[in-house]
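The values are calculated or read from the model by the stated rules, or taken from the named source; none is laboratory data. This is a predicted model, so every value here is computed, not measured. With ideal geometry, Cβ positions are generated from the backbone for all residues, glycine too; neighbour counts draw on all protein chains shown. Each accessible area value is taken on the protein alone, full model and side chains, heavy atoms only, with ligands, DNA and RNA left out. Shrake-Rupley method; radii C 1.70, N 1.55, O 1.52, S 1.80 Å.
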Amino acid sequence: MSDEPQRQPSLVPSQAKPGYPGNSPARMLLVAVATLVVGLIAGYFIGRFSLEQQWRQPTTHVTRDSYEEASRDDADPTPAAGTLVMKAMPLERTRMAVRERTAADPVVAIVGAIGRNDGEVELHVQVENRGTCEVTKIEGVAYGFDAQRRPAKLNRHGENYVAFVAPLPGSHEPLKLAPGGGKTLISEKLRYVENASLALAQVDRITCADGSVWNRP
């Protein structure tokens, strides 16, 4: 038997395999970034799904309270309580909803814009008479959008819509919109627009030369 003392196993940690990062700061940072990216993507799609569900019903009624809030403090004309208006949605979504809703209307808005000149701002809506009577009065609602096609403030208290009428009260220029494709441009001054430059519109009521009236169902 040898008198040499037996050597104990070394307690020195083994070397990590080449190329394996283990729990290094770089690996932990990579995992954190990946988790953040996945979370952002998931949040985007969840939010988008929520909006899609909301936009399935694109209209809402102007309530008595919302009308009183929108019309106070000398605001520009606002749709009356009970009017069915479009919810605040991007331009293309609103255009699709307006087109579907007004497809069978006798008078439709075909072009809309917000014009600026010498510090003044005007709503411009071109309408077409697809009905069978000469139209002498038009009432409707216009919606504003910015250059990025997002809903934009069009009235004093932040609403992205205003009411319009032609001819304007007190106007000495009568409206005579011929049936079967007659067109005219409706203009209305606005005072509280911020960055809106595009517009869509719906016609909700027309009066014919024979005294008959069409209201949106």
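Among all residue pairs at least 6 apart or on different chains, which show Cβ distances below 9 Å where the first residue, located in the range 56-71, is within 16 Å of P90 (Cβ to Cβ) and the second is open to solvent by 70 Å² or more (accessible area, probe 1.4 Å)? Hits for this filter: P58/R93; P58/M96; P58/E100. Could you tell me which residue of the range 81-133 is surrounded by the most Cβ atoms within 10 Å (Cβ to Cβ), considering only residues that are touching a His at 6+ places or on another chain (Cβ under 9 Å) and small (G, A, S)? Residue satisfying both the conditions and the ranking: G112.
In the range 189-217, the qualifying residues are those that are among the aliphatic types (A, V, I, L, M) and outside any loop (DSSP other than H, G, I, E, B), and the one that is farthest from the chain's Cα centre (by Cα) is V213.
Looking for something assigned to a strand (DSSP E or B) and open to solvent by less than 40 Å² (accessible area, probe 1.4 Å) - is there at least one such residue anywhere in the range 62-74? Taking every residue of the range 62-74 in turn, none turns out to be assigned to a strand (DSSP E or B) and open to solvent by less than 40 Å² (accessible area, probe 1.4 Å).
Restricting to the range 172-193, count the residues that are among the aliphatic types (A, V, I, L, M) and either open to solvent by 70 Å² or more (accessible area, probe 1.4 Å) or out of contact with any strand residue (DSSP E or B) (no Cβ under 7 Å at 6 or more places or on another chain) (or both).
The qualifying residues number 1.
A196 meets each of the listed conditions (1) touching a strand residue (DSSP E or B) at 6+ places or on another chain (Cβ under 8 Å); (2) over 25 Å from E92 (Cα atoms); (3) in contact (Cβ under 8 Å) with a residue 40 or more places away in the chain apart from (2).
Going through (1) surrounded by 12 or more Cβ atoms within 10 Å (Cβ to Cβ); (2) in contact with a strand residue (DSSP E or B) (Cβ under 7 Å, 6 or more places away or on another chain); (3) closer than 21 Å to L84 by Cβ one by one, E159 falls short only on (2). Restricted to the range 81-188, the set of strands (runs of 3 or more DSSP E) holding at least 2 residues that are of a type in the set (D, E) and either over 17 Å from V213 (Cα atoms) or modelled with pLDDT of 95 or more (or both) comprises 120-129.
Screening V33 on (1) assigned to a loop (DSSP other than H, G, I, E, B); (2) modelled with pLDDT under 75 shows it passes everything except condition (1).
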